[in-house]
Each structure stands twice: as structure tokens, then as C-alpha cells.
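Participant: Sharing a structure with you now.
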Amino acid sequence: MADIDAYPNGQDERARVGHEIFDTPNAMVDNNAYPNDQAEISGQPNNVAADSNFREAVQLPSNFQSLANVDDKLFQRGIDIPFYWHVPRSGGGTMNDLLGSCLHLTLAADAGGGGRDGQEEVLKVLRFSHQVSYVNVDTSTHQGISRAKNLNLASSGLADVVISPLLHEASSLFTPTRRGRMFTIFRHPVERAASLFYFIQESQWQQPGTRNDQFAHITIEQFYKDGFAENNWMTRFLTNELAKEELTENDLDIAKEVLRQKCLVGLLEEKGETFERIQTYFGWRPKNEEEQDCFEKKVEWAWPMKHKHPEIEEGSRAWRLILAANKFDLRLFEYARELFIEQGEKLFHQ
């Protein structure tokens, strides 16, 4: 999300969420699934039009009933609430900076829930450095979302945007009269996995206060080979199947249908077009030259929380191991690419 001074006590939700991902016991690689490291990476072809045969049969989880359909273009500011589903290491830091630091929107994220303000029984807006404003809730944890729901965050009108990685729990914050408008950014699963691994290794496992000797110097190849890594994170969170040992084709179908119906899809590899669409969809525009300069700086060259790390060569053993752990996420990513094209034609180029 934003610079460290935008987070009380140095709190950084992305690092903590990433740590929890790696600690999820059932989200591991099956080392016996692909003998000799031959990962099944292609899966079945994705085609937006061809998927129509399962759409009527797929029933979305009830939590999503209070999310507006993405093709309902009648976004009502002050009534509908933009909801950014934060997929770790996929542009969330830039999104937080653009919305908070550049456009000066009030965010319900993780930063407002720290200290005594996050324990109060009344909602209020906290103003941090760089004119960044947060509601005093933490929407990155189960407990924080429960508190925000009990305090009627959606109907309070205080939050211009809700940000959370916990898709199902956060979706319950919205109501039929204060609907959420879901949007997110996708990144290639191998690039995201590598970014997450090296970021957590450097920022936590190798640091004195959070050091983990087992993982401090482990290679990413060994990390995945030994079954410590995440497994289809995006598909699992879209379907709320976090503890399920093996995902199925039906899980993938549900995940795809959630995206098709409910989500404005962005791509990190198309970040310029993605942020332009998000601004257009929600009616967000810089109000002056200072905000415009801030926006351009964040998108074009001052990418917040950008972390340099070794690249994973396509086709390498590490690449194959990561894809073996994320074969459903790869197919979901390919589908997201197709949706990105379809939404561009239907929602923005008419």
C-alpha cells in the first residue's frame, strides 16, 4: 500500500497477509502430482463466449448478492461503494497511493484499525501524513471486518473505498442499498508468487525481529519443491475454499463467474489502461495539477513498494514448480485477460 509513514506503527498489511499465505497448511504443493517436475500448466482453453454453457448452472455465494454487477454502469457516488479486492503483490501499494495520496479519497483498509482508535465503538475518519485519510477500521482481518460490520461501515458513508484481501468476509460489509463495486488487478501467477516469496524473505524471514532460519536463505525452487508455498490463492479466495485439499473444475467455474459478473478486471501488465478504466468507471479524476502529477508519478515511475528480485526464467524448474502449485490460478489469469478485452469493448469503447 502506501509509504511506511502512512501506516501507524509501521504496519504493512501486504507483508502480514503474505506471511499468512505461506503459513496456510492446506495451501501446499502436492510434490507427487507432477513426477520429474513436469507441471501441468496449460489446462483447458479459456474462452469468454464458450463459457456460457455453465453460467446458468453456476450459483454464486450469497455474500456476493450485495455486490453490483460490473456491467451495471449506473455507478451512484455516495450510494455504491468501490471495493478493491487486494491480491498481494499485484499493484495494491500503487492502488492505495493513487486513491489515498493522489485523489485524497477516504479509505477503509488496514491502517485505520491500529491503536485505541481501532477499538472505539464509533466510526470516525483519521488523517495521517500526506493528507491520507482512513476510517478507524481494519478491513484486512476477520476481527476487523466483523467490527466494521457491527458499526455499519457501509451505511456510515465515511469510506470512499473499501480495500481488503478477504473477499468473502469483506463482501458481507455491503447491503442491497449500499452495494459494493468490486475491482482488482491480476498479475501472472509466477510473477506474483516470485514477488511475494522474495518480498517476505527479505522483509521478514531475514530480519532480526522476524527471522525464520528455515526460510531465511531457502531458494524459491526448494521452497516450492518442499511444499511450503501457496496453492491457487486467487481461485481459493474467490470461492472461499481456503482449506480444501484439492480444487476442482467446479471451483474454477465459480471463480470465473464471480469475475465475469461482479468484478472490474485490471491487469498489472496493462497498468496504464487499467488505472484509466478504474478512473472512468468510478468517476475519479485528479482535481488539479498537483493531483495529476502525483497520479502520473505513481503510475509511470515511482511504483510504491517495488521490490527488485531475481526473475524466474520461463520454462525453468522453478517456473514449472510454481505453475504446478497454481494451475487453476494460471487458467483464471488467462480468463482475466480475456475479460479485460471484453470489458474494454463493452464498458469503455462504445
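The values are calculated or read from the model by the stated rules, or taken from the named source; none is laboratory data. Keep in mind that what you see is a predicted model, and the values were worked out from it rather than measured. Every residue, glycine as well, gets a Cβ built from its backbone with ideal geometry; the counts of neighbours run over all protein chains shown. Calculation scope for accessible area: heavy atoms of the full protein, side chains included, ligands and nucleic acids excluded. Shrake-Rupley method; radii C 1.70, N 1.55, O 1.52, S 1.80 Å.
Participant: Sticking with the crude label model, points 7 Å out along Cα→Cβ, report the distance from R116 to L74 in nm, one decimal please.
Facilitator: About 4.6 nm separates the two model spin labels.
Participant: Going by Cα centres, the range 158-229 and the range 121-152 are how many Å apart?
Facilitator: Here the answer is 20 Å between Cα centres.
Participant: On to the next question. What spacing in nm lies between the two simple spin-label points modelled at H217 and N152, each 7 Å away from Cα in the Cβ direction?
Facilitator: Taking the simple label geometry, H217 and N152 are separated by 5.8 nm.
Participant: Further question: Provide the solvent-accessible area of D226, counting protein heavy atoms only and rolling a 1.4 Å probe, rounded to the nearest 10 Å².
Facilitator: Near enough 70 Å² of accessible area.
Participant: Taking N as the number of residues in the range 178-263, what is its Cα Rg relative to 2.2 N^0.38 Å?
Facilitator: Details: Rg = 16.1 Å, N = 86, 2.2 N^0.38 = 12.0 Å.
Relative to the rule-of-thumb radius for its length, the range 178-263 sits at 1.35.
Participant: With the crude spin-label approximation of a point 7 Å out along Cα→Cβ, what separation in nm comes out for H309 versus T175?
Facilitator: 4.1 nm
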